[in-house]
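The next block holds one structure in the form of structure tokens; read it before the comments.
A short reminder: the numbers here are calculations on the coordinates, not readings from a lab. Here the structure is a predicted model, which means the values were calculated and not measured. No Cβ is skipped: glycine too gets one built from the backbone with ideal geometry, and neighbour counts run over all protein chains shown.
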Amino acid sequence: MIYAVIDTNVLVSAMITKNMDSPTVSIIDAIFDRRIIPVYTDGIISEYDEVLHRDRFHLNDGRIRKLLAAIMRGLYVIPHSTGMIIPDMDDLIFLETALEANDLGTYLVTGNQKHFPDLDFVVTPSEMLSLLEG
């Protein structure tokens, strides 16, 4: 089992793809299977809820609720402010949440690595799957 903060773009990709073998879908499957323990905050859950309910994605509310419930069976944290400046400051909550749970070896899984500093625990969905398999 691996602790991970999941960036919103990973969830969106998993929910809209037609490719059930995609790495992002495998990440969601690993959350439901409890091989990944999501690390989250109130702010992260709010962002997931808002973004996944955007009209342009045409996602079923029941599927969204089921996913959010699975995530909220993970580890809730209250991150401390780091004062860090990153390229997309809206993503700072994800980085600070991963840092807050760093003592658990928590990863940050994102499809937008350029939004984050070059840190060993910031990984792509494919890299996370390799970690799960290794």
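Here are the numbers for this structure:
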item	result
Unit charges on C-beta of K, R, D, E only; dipole of the chain, Debye	520 debye
Residues with amide H under 5 Å from that of ILE2, placed H, sequence gap 5 or more	ILE36, ILE37
Two-decimal log10 I(q)/I(0) for the chain, as the Debye equation yields it once each C-alpha is a single scatterer, q = 0.12, 0.14, 0.21, 0.22 Å⁻¹	-0.41, -0.57, -1.37, -1.51
Relative contact order (percent, whole number), the chain, Cα cutoff 8 Å, 6+ residue spacing	33 percent
Rounded if a/c under 1.5, otherwise prolate or oblate - region 51-98, Cα gyration tensor axes	oblate
Given charges at Cβ of Lys, Arg, Asp, Glu: region 2-133 dipole, positive-most of GLY43, ILE16, ASN102	ILE16
